[in-house]
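Worksheet: the structure to be examined is printed underneath.
The values are calculated or read from the model by the stated rules, or taken from the named source; none is laboratory data. Everything numeric here is computed off the predicted structure, so don't read it as measured data. Cβ placement follows ideal geometry from the backbone for every residue including glycine, while neighbour counts extend to all protein chains displayed.
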Amino acid sequence: MKKFIIIFFLIYSCVAIAQKDNSRRNGTVILTFDDACESHYNIVAPILKQYGFGATFFVCEFPDGNFGDTTKYLSWHQIKQLSEMGFEIGNHTWHHTNINSISVDSLSHELSYIENKCKSLGIPKPVNFAYPAYVIDSAKLPVLYSHGYLTARIGGDRAYNPSNDNPMFVPSFTIKDNNSNYFYHAIAEAAANKITILTIHGVPDELHPWVNTPVDVFKRYMKYLYDHHYRVVAMRDVQKAYAFMPNESRDFFSAEIKLDTVSKTIINKLSMVILLSIWVINPESAI
Ligand SMILES: [Zn+2]
């Protein structure tokens, strides 16, 4: 009897703690910034630090003839500084190349260039990838796996559901212009164990006006996330939950292994959902 009382008390405590944290947090939002725009260092990073937000910067050397012009694109020195500020550096290929238009070897070369640059500067090896122009190619997945990538981000205009979505096709919302309704819709999706991932380009983005986000609009969005208690993190923070999964669940999560029985699938999926749910709901949890 005593045992049952203790177990009941422990379960009650866990639920109470989860509910308490849930009441303080609205959900999880992952910020991703593409194309190594100069404004990421001079405008975006200080605002993120002001609020204590995490973010992933998917970098490349944009092949429009302007890379190297530090008034338009980040220098590698600035990318290193972003890393030292605590932000994640992700891989967006060397030349922002649509991966369906190049060979397996060329993709490997495109990935290696960014990885080697990071290594030479003491930046942690990128473990997350973003498809340039959201162009996917399933035939290239073995290349991403062989380089150790854990997730690869696409567009899709919907929230990421870790229990259902293939981590090699992680969906995101593309922020641009002053479309506040789209932003608030995207953020509202960050609930019920789903994660809203925002893809943002330059703030502002004069070279690519079709994905421009005005500075005042960006400031308003970040203040909204802060004022409404969203947990705002980088892509790599998803791997904190991933790292604590049992091996079989991890295999399922990475969608590399064909499971042989239905029951095994259900058990793995349930354990994954529980672990990720704890992480999404409880911002203070160790995982
Ligand atoms: Zn891009």
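So that you can scan it fast, the table gives a plain yes or no per residue for (1) at pLDDT below 95; (2) surrounded by fewer than 18 Cβ atoms within 10 Å (Cβ to Cβ):
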site	(1), (2)
133	no, yes
140	no, no
149	no, no
156	no, yes
162	yes, no
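Of all the criteria given as (1) hydrophobic (A, V, I, L, M, F, W, C); (2) at pLDDT 95 or above; (3) within 16 Å of the ligand (Cβ to nearest atom), the one not satisfied by residue 210 is (2). Taken together, the criteria exclude residue 113 from residues that are part of a helix (DSSP H, G or I), among the aromatic types (Phe, Trp, Tyr) and either touching a Gly at 6+ places or on another chain (Cβ under 7 Å) or away from the ligand (no atom under 16 Å from the Cβ) (or both). Residues in the range 167-184 that are surrounded by 15 or more Cβ atoms within 10 Å (Cβ to Cβ) and either within 19 Å of residue 27 (Cα to Cα) or not hydrophobic (A, V, I, L, M, F, W, C) (or both): 10 in all. Of 29, 59, all but one fail to be more than 16 Å from the ligand (Cβ to nearest atom) and either on the phi < 0 side of the Ramachandran plot or surrounded by fewer than 21 Cβ atoms within 10 Å (Cβ to Cβ) (or both); the exception is 29.
The set of residues in the range 88-107 being among the small types (Gly, Ala, Ser), surrounded by fewer than 16 Cβ atoms within 10 Å (Cβ to Cβ) and outside any loop (DSSP other than H, G, I, E, B) consists of 101 alone.
Restricting the range 122-143 to residues that are closer than 21 Å to residue 62 by Cβ and either polar (S, T, N, Q) or assigned to a helix (DSSP H, G or I) (or both), the residue that is nearest to the chain's Cα centre (by Cα) is 128. For the range 118-148, a residue qualifies if it is among the hydroxyl-bearing types (Ser, Thr, Tyr) and more than 24 Å from residue 77 (Cα to Cα), and the qualifying residues are 134, 138, 145, 146.
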